[in-house]
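As structure tokens, the structure follows; a few thoughts come after it.
The values are calculated or read from the model by the stated rules, or taken from the named source; none is laboratory data. Nothing here was measured: the structure is a model prediction, and the numbers come from that model. Virtual Cβ from ideal backbone geometry, glycine too; neighbours counted across all protein chains shown. With ligands, DNA and RNA removed, areas are computed over all heavy atoms of the protein, side chains included. Shrake-Rupley method; radii C 1.70, N 1.55, O 1.52, S 1.80 Å.
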Amino acid sequence: MTSALTARGLTKRYGRRTALDDCTLDIPTGRVVALVGPNGAGKSTLLGLAAGLLRPTSGEIEVLGDAPGAGPDQLARVGFVAQDAPTYANLTVADHLELGRRLNPRWDAKAAERRIADLGLDTGQKAGRLSGGQRAQLALTLALAKRPELLLLDEPAASLDPLARHEFLQGLMAHVVDHEASVVLSSHLVSDLERVCDHLVVLTGSRVQVATDIDEATGTHYRLTGDARDLDDLPPGAELVHATDNGRHRTVVVRSALPVVADRVQVEQLGLEDLVLTYMARAATPALRTVASPEATR
Amino acid sequence: MIQFHLDSASGVAPYLQIVQQVRHALRLGLLREGDQLPTVREVVSTVTINPNTVHKAYRELEYAGLVTPRPGLGTFVTGSLTGDVPAASYVRLRADLVRWIEDAQRAGLDDESVEALVHGTLREHLRVEP
């Protein structure tokens, strides 16, 4: 089975600034991927490389088994909506649909028109006069109507109000079922994506911190809290992800395939949001990580 | 047809919430053999969750012998959790329970105390079953 996206040693530099550093990933098809990280972590760079709009400085990337932007066939299989949902300010909504129809071999005109009608957009309106949320919806409509096998969406929900975000995610999930599509959604918030995504990639400081199925991740991460002396030794089979000390009190996050049992220590399974925050915190304190566990990252 | 509701604050995994809601409906007789569960597409476009979550829940119900997928048609209830207990017994027991709750409220118990009493008593008297 081909992967939706594979990267090996993928690196992108802008002058002396490294936007993406030695990124290695293998995302299976059929997943809805949450690409999560703080602003400036390299999310947009990774999506730009996957869309074929950027070329890597070094390393390799493949999308649906082929080089990004390799030719018309490849372009038709991948849909991309950039962060600011770019549209043509002087073209009307109807013009955008016509452009989509002429430029895309698999264009679904009916679905596009239905979606625009459901959104209540005036087809005669120029895109430049739409609100930010409406413009985002127009861009998403175009991306869905080209019937891509892989959708790359950079912060798609950022400019949508909560109801519109909800409706957009519903439509996206229906699209995934109908077309067995894969999706990569970037966000700096994980709460939006918790229910709709089944695969997680955490990117901080230009590096991949963790890439895994979400069920697997939330089923294997535990938070242990207690007296520092009781946490000097980790439970058997558990590997340290991150530790924070507050006086005698210690909080440790471990990854363990087996259920964790420990004396005099409170053990909780980590939810997705806490898990992402832990990996972000760990990346922000590299000294502790190298001392504590050089093997913690897969 | 059964409609699922997901509570994101509950801490219970979404797939497990679906499993529990189906089991619950089967117990109360709200779902019976032959009834159809909503299609995966219907579920994802009403409660906004990942399709694989729904697949996982339906697969678990299938392993438990409660539902069977029929390719091209959908997923149907083929098992039961009420056993041979007639529906009338459920109606009678529920009415008894309502009387008990009203009694507890008259005695001055607030909602939290009622719940605590019910859960505590259940734990003592029932063999644990999820």
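Listed values, structure above:
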item	result
The range B:1-23 residues that are among the basic types (Lys, Arg), paired with ones that are open to solvent by less than 50 Å² (accessible area, probe 1.4 Å) and assigned to a loop (DSSP other than H, G, I, E, B) (beta carbon under 7 Å, 6 or more apart)	B:Arg23/B:Leu81
Some residue of the range B:39-60 being away from chain A (no Cβ under 14 Å) and either surrounded by fewer than 16 Cβ atoms within 10 Å (Cβ to Cβ) or not acidic (Asp, Glu) (or both)	no
Looking only at the range A:13-27, and only at residues there that are in contact (Cβ under 8 Å) with a residue 12 or more places away in the chain and over 18 Å from the mean Cα position of the chain (by Cα), the one that is surrounded by the fewest Cβ atoms within 10 Å (Cβ to Cβ)	A:Arg13
Breaking point among (1) at positive phi; (2) within 12 Å of chain A (Cβ to nearest Cβ); (3) surrounded by 11 or more Cβ atoms within 10 Å (Cβ to Cβ), for B:Gly74	(2)
Residue under evaluation A:Thr92, criteria (1) over 20 Å from the mean Cα position of the chain (by Cα); (2) over 26 Å from A:Leu130 (Cβ atoms); (3) of a type in the set (Val, Ile, Thr), criterion not met	(2)
Tally of residues being surrounded by fewer than 17 Cβ atoms within 10 Å (Cβ to Cβ) and among the aromatic types (Phe, Trp, Tyr) across the range A:67-106	1
Residue list for the range A:155-207, filter: within 12 Å of chain B (Cβ to nearest Cβ) and among the acidic types (Asp, Glu)	A:Glu167, A:Asp178, A:Glu180, A:Asp192, A:Glu194, A:Asp198
Criterion violated by A:Leu119 - all others in (1) open to solvent by 50 Å² or more (accessible area, probe 1.4 Å); (2) more than 22 Å from B:Thr46 (Cα to Cα); (3) not hydroxyl-bearing (Ser, Thr, Tyr) satisfied	(2)
Filter pass, A:Ser191 being in the same structural domain as A:Pro38 (by TED's automatic domain parsing), of a type in the set (Ser, Thr, Tyr) and at pLDDT 90 or above	no
Cβ-Cβ under 7 Å pairs, at least 6 apart or on other chains, the range B:42-65 side within 22 Å of A:His166 (Cβ to Cβ), far side outside any helix (DSSP H, G or I) and among the aromatic types (Phe, Trp, Tyr)	B:Val43/B:Phe4; B:Val47/B:Phe4
Filter result (closer than 18 Å to B:Thr48 by Cβ, touching a Gly at 6+ places or on another chain (Cβ under 8 Å) and open to solvent by 50 Å² or more (accessible area, probe 1.4 Å)) within the range A:141-193	A:Asp161
